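Following: one structure in structure tokens, then a few remarks.
Coordinate-derived values only; no laboratory data. Since we're looking at a predicted model, the values are computed, not measured. As a convention, Cβ positions derive from the backbone with ideal geometry for all residues, glycine included, and neighbour counts pool all protein chains shown.
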Amino acid sequence: MKTYRIEDKVFSEVLDAETIREAIRREAARIAVEYADRNPVFIVVLKGAMFFAIDLIREAGIPCSMEVLSAKSYGNAMQSSGEVSLSQVATHVGDRHVIVIEDIVDTGNTLQKILAVLAEHKPASLRVATLLSKPSMHKVKLDLHYCCFEIGPEFLIGYGLDFAEQGRELQSIYALNAALSAEQVG
Ligand code: PRP
């Protein structure tokens, strides 16, 4: 089993690069069909969703535009603080078909806030594409139109997801192996 360490924490691979690629191709193909003539605007939620967004948008391969939005709720902690801070959306989304791109929906607080802010601008349509969703952790009910993987409550890193800003560059996704410390792995 592939493992990765950050300080005293050991993470084990749970989704490899090929499995991630296949799931992205699947969801991108759906987007390509459903938005072929809609010139959607993708709103990428920084920083975690950067990697997923680039691969998803390129794979969809349809005329579109792209904006970024910065959301922060975790700081360096492993659990959401519950307080979500958002940057301004630097685009006009009124009458546009909007797809918000997230890396992970955990409690759903971040996404709920983002969707509420965007809805005020009266987009023509508003949907979500997420790489990962943790249904057992959701505190709000959200419609995730394009979702690559539903997963358990484990803390994950890799492919854009971080622990204290580390691990984003990994091509696979790794889960914190709570049973193992770095000393035990050797
Ligand atoms: C993560 C993730 C989502 C949010 C999900 O962002 O990218 O935006 O938390 O959690 P929630 O569903 O409980 O609200 P984070 O605050 O870690 O910022 P980052 O993307 O810059 O790492």
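Tabulated data
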| item | result |
| --- | --- |
| Pair SER70, MET1: separation of 7 Å Cα→Cβ label points (nm) | 3.7 |
| Alpha-carbon centroid distance for the pair the range 23-44 / the range 103-134, whole angstrom | 16 |
| Whichever lysines have a C-alpha closer than 16 Å to that of LYS122, once near sequence neighbours (fewer than 8 apart) are set aside | LYS113 |
| For the range 1-71, Kirkwood radius (reciprocal of mean inverse C-alpha pair distance, Å) | 13.9 |
| Entries of LYS9/LYS72; LYS47/LYS72; LYS47/LYS141 with Cα pairs more than 19 Å apart | LYS9/LYS72; LYS47/LYS141 |
| Computed label-point distance, nm, for sites GLN166 and SER136 using a 7 Å Cα→Cβ extension | 2.6 |
| Fully extended contour minus Cα-Cα distance, from ALA119 to ASP37, at 0.36 nm per residue | 27.4 nm |
| Order by protection proxy (mean Cβ within 10 Å, highest first), peptides 102-111, 144-153, 116-125, 15-24 | 102-111, 144-153, 15-24, 116-125 |
